[in-house]
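Everything below concerns the one structure shown next.
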Amino acid sequence: MLAFLFRRSWHAVITLIVMAIVVFFAIHLIGNPVDVLARPDATPLERAQIARELGLDQPIWVQFAVFLENAVRGDLGVSFVYNRSAVDVILERIPATAELVITALILSISIGVPLGLIAGLWADSWLGRAIMAGSTLGFSLPSFWIGLVLILVFAVQLGWLPAGGRGMTSTFLGIESALFSYDGLKHLILPAATLALHKASLVIRVAQAGTREVIRQDYIRFARAKGLRQSRILSTHVLKNILLPVITIVGLELGSMIAFAVVTETVFAYPGMGKLLIDSINRLDRPVVVAYLMLAVLIFIVINLAVDILYAIVDPRVRLSEASGQ
């Protein structure tokens, strides 16, 4: 266990260093922040002063060395726009994104696993075919189009739900969240449903394939021969054995949902990390963009590690050394 954690930590450090190099140099090739921050009628002297204050007058390799030195101390730079720590600016947006992602994840699992089981058990029925056709449709439709349609139907025509924003928050056990507010929940339904549709389609296909494979196994036939109820077979044997691929998909997709819920947050003007990233790119706020992408990589690393550990918990036959590919 300790050897596994040490190995993964070393891999994580290497990944972060490589990502830092790629992200830093790539983002510094795009535009000039001085053009955005300076007044339209600013003199060359004023523009040079802004560049000097931001450290942009130094050669690129000097800027990168300063960035690495600060990053080791946990400082990923100061936002050009907000004049505050880039990490602090991002952390302020994490609760909103976490609410959206957690709700979407619960929806995708709650919808995907039962429908995948049904489609796997009755694959040749009209219901099984309809479920798989629906999952294909969920894959095919772009997220921004789904969001716009949901806004048009439920916000504009029916007027049941708000079209955007986060809504009011409430505090429970010292935690402030829109999940504890009725208005916040109303604002959360449409963006969460938009984000969950593609993930639910993915879970359906994984659960359906796993179910079809499991029900052909000899131990399932033996359980039926023993006279076990269908519900017992499904809960004890089928569901447990399809959890491994579902955990893998959910774990990997959780990282992508957290890091790249950009489209959904933009469509619904949801004040999360994704919308912050788009705003920062438009304003050429380099420190925030670099900090965001570095944190996104860290999120993926942590989630992948958690998935490997869950593998060993769900199925004792899977050892952490095997989960790590050795």
For this session: Skip the ligands, DNA and RNA, and give the accessible area per residue of the chain with a 1.4 Å probe, whole Å².
Result: 54
Seminar exercise, completed: Counting only backbone N atoms under 18 Å from a point 7 Å out along Cα-to-Cβ of GLU213, the residues of segment 115-133 in range are 116-123
Exercise. To the nearest 0.05, what FRET efficiency results for ARG232 and ILE106 with a Förster distance of 25 Å applied to their C-beta separation?
Worked result: 0.45
Problem set entry | Anchor LYS199: lysines whose Cα lies under 24 Å away (excluding residues fewer than 8 positions away in-chain) | LYS186, LYS240, LYS275
For this session: Considering the convex hull of the alpha carbon atoms of segment 48-149, report its projected area averaged over all viewing directions, in nm², one decimal.
Result: 11.4
Exercise. Mind checking Rg over Rh on segment 75-215, alpha carbons, Kirkwood formula for Rh?
Worked result: 1.10
Seminar exercise, completed: Quick P(r) readout (segment 241-293; Cα-Cα; 10 Å bins; whole %) gives 24, 40, 22, 12, 2
For this session: State the percentage of accessible surface on the chain attributable to carbon and sulfur atoms; use a 1.4 Å probe and exclude ligands, DNA and RNA.
Result: 67
Exercise. What is the dipole size for segment 34-186, taken about its Cα centre, with +1 at each Lys and Arg Cβ and -1 at each Asp and Glu Cβ, in debye to the nearest 20?
Worked result: 380
Seminar exercise, completed: Rg from C-alpha atoms of segment 32-86, normalised by the globular rule of thumb 2.2 N^0.38 Å, equals 1.23
Exercise. What is the projected area of the convex hull of the Cα atoms of the chain, averaged over all directions, in nm²?
Worked result: 22.2
Problem set entry | the chain: DSSP helices with Cα axial extent of at least 30 Å and average Kyte-Doolittle hydropathy no lower than 1.6 | 2-27, 86-121, 286-314
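The values are calculated or read from the model by the stated rules, or taken from the named source; none is laboratory data. Treat the numbers as computed from the prediction; the structure is a model and nothing was measured. All Cβ positions, even for glycine, are placed from backbone atoms using ideal geometry, and neighbour counts span all protein chains on display. These accessible areas exclude ligands, DNA and RNA; they are computed on the full protein's heavy atoms, side chains included. Shrake-Rupley method; radii C 1.70, N 1.55, O 1.52, S 1.80 Å.
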